[in-house]
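Report on the structure given below.
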Amino acid sequence: MIKHQDGSQKGCGISSLEDFQNLISPEQLELAPRLEEKKILFYHPNEVEKNEKIRNVGLCEAIVQFTRTFSPTKPAKSLHTQKNRQFFHEPEENFWMVMVVRNPIIEKHKDGKPVYEYQEEELLDKVYSSVLQQCYSMYKLFNGTFLKAMEDGGVKVLKERLEKFFHRYLQTLHLQSCDLLDVFCGIIKYTAFLYNDQLIWSGLEQDDMRILYKYLTTSLFPRHMEPELAGRDSPIRAEMPGNLQHYGRFLTGPLNLNDPEAKCRFPKIFVNTDDTYEELHLIVYKAMSAAVCFMIDASIPPTLEFCRKLDSIVGPQLTVLASDICEQYNINKRISGAEKEPQFKFIYFNHMNLAEKSTIHMRKTPSVSLASVHPDLMKILGDINSDFSRVDEDEEIIVKAMSDYWVVGKKSDQRELYVILNQKNANLIEVNEEVKKLCATQFNNIFFLD
């Protein structure tokens with residue numbers, strides 16, 4: 001048995017991995033109960049008592065046969081219980097693999113005694129079904145099919161090969177860290193995550209991400225501007241198994257996943273072009289204000305089934321994540337109270353990680369002016385930036401504009417901060433103090449040289 005524990009929360013683990021051959025009729029079982037044991041080709045952990053193995057495998061077979069009544073061509077795929085989830089896979093005709101994964105546990109205390117709570121909704125069927133399918137695919141890569149082993153030497157040879165392979169392979173399964181990448185089995189090369197057009201995380205090189213971000217925020221996103229800007233959202237999607245409703249949709253790729261003739265055309269991009277380049281398909285998927293970019297090897301053409309699988313996994317999760325972020329933002333806004341119109345606006349940029357923050361610019365759209373300050377002030381900001389680019393040293397520049405605004409530029413350790421203050425009667429000392437206050441409230445974890 002494989003277990004994973006981390007503090008008071010216990011992660012998921014394999015309770016058992018079974019491989020049985022479904023070739024014996026019910027009549028034979030009634031005449032010879034011992035034949036049930038012969039069905040078991042591999043069982044992990046092997047220390048489990050023989051009768052318990054037979055009982056567990058018999059229960060799995062009963063579940064499969066029962067579900068065939070309702071769906072002859074597609075029997076059971078998974079079974080949810082309070083403590084475990086069972087995943088079923090028929091890789092070859094009459095050969096079944098079953099993986100039982102224990103639900104994560106949270107330890108709480110009640111009346112001074114520990115109480116264990118099973119997290120029944122934490123495991124994703126798609127992820128762990130993919131893991132089980134990959135178990136077979138990995139076995140087949142090194143050993144061929146189950147049927148080939150039977151042809152080579154019967155059940156004995158098959159059992160030996162299964163034991164030899166899975167004894168090592170199961171030690172490499174880290175189920176607590178299985179996620180979406182296990183569904184796609186390694187074809188995703190890079191990812192990026194954005195919220196409200198702000199880059200949260202990226203796996204691309206900075207220069208590549210800088211250009212891609214420009215394309216996303218000034219071209220792709222505006223073209224697919226969602227009704228959420230007017231207080232609405234895209235129609236909810238409810239076609240998922242298990243009623244997992246979500247708002248996810250592709251911004252690149254198929255428009256209608258229910259159309260069997262839908263075209264899975266994704267734009268191609270080229271990254272890391274300084275030395276060697278990689279050709280990738282760009283998949284952009286959005287739910288509410290959250291967007292994820294998946295970049296996959298261009299030599300692997302995405303299929304409609306691939307897109308449906310991605311939609312079924314990412315859609316519900318991204319919808320929940322976007323909703324949680326929005327809810328947390330609203331909570332923080334209520335806690336901070338009603339904000340007065342600030343007396344300053346600023347632009348911050350970090351050359352090391354390309355982090356950017358601006359209260360000067362409004363949401364980027366093709367038809368709306370981007371800046372919320374007078375063009376003369378924007379020109380002063382550009383002039384200060386030009387001065388910064390001419391020297392390598394850290395410096396600070398303060399300008400009094402003709403319109404009674406103060407404009408401040410600070411360059412420190414590859415970070416640049418530009419501030420516009422609306423304080424008509426302030427002097428240099430007071431302006432400097434206001435900038436310090438701004439840095440303390442907005443950038444309290446960032447070091448600026450004075």
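The values are calculated or read from the model by the stated rules, or taken from the named source; none is laboratory data. None of these values were measured; they are calculated from a predicted model. Glycine gets a Cβ as well: all are built from the backbone with ideal geometry, and neighbour counts include every protein chain shown. Remember, those area values only see protein heavy atoms, side chains included, never the ligands or the DNA or RNA. Shrake-Rupley method; radii C 1.70, N 1.55, O 1.52, S 1.80 Å.
Heavy-atom accessible area, probed at 1.4 angstrom with all protein chains present, ranks Thr191, Thr218, Thr252 as Thr218, Thr191, Thr252, highest first.
Computed from the C-beta positions of Ile106 and Met138 and an R0 of 25 Å, the FRET efficiency is 0.20 to the nearest 0.05.
For the range 82-157, trypsin sites (Lys or Arg not before Pro) meeting the loop criterion (DSSP other than H, G, I, E, B) and having at most 12 other Cβ atoms within 10 Å: Lys83.
Using the beta-carbon distance between Asn256 and Gln65 and R0 = 30 Å, what value does 1/(1 + (r/R0)^6) give for FRET efficiency, to the nearest 0.05? Could the numbers behind the result be given before it?
On the way: r = 37 Å, r/R0 = 1.22.
Working from the Cβ atoms, E equals 0.25.
The modelled label-to-label distance between Glu121 and Glu393, using points 7 Å beyond Cα along the C-beta direction, is 6.0 nm.
Computed extension length for Val48-Val155: 36.4 nm, one decimal, from 0.36 nm per residue of separation with the Cα-Cα distance subtracted.
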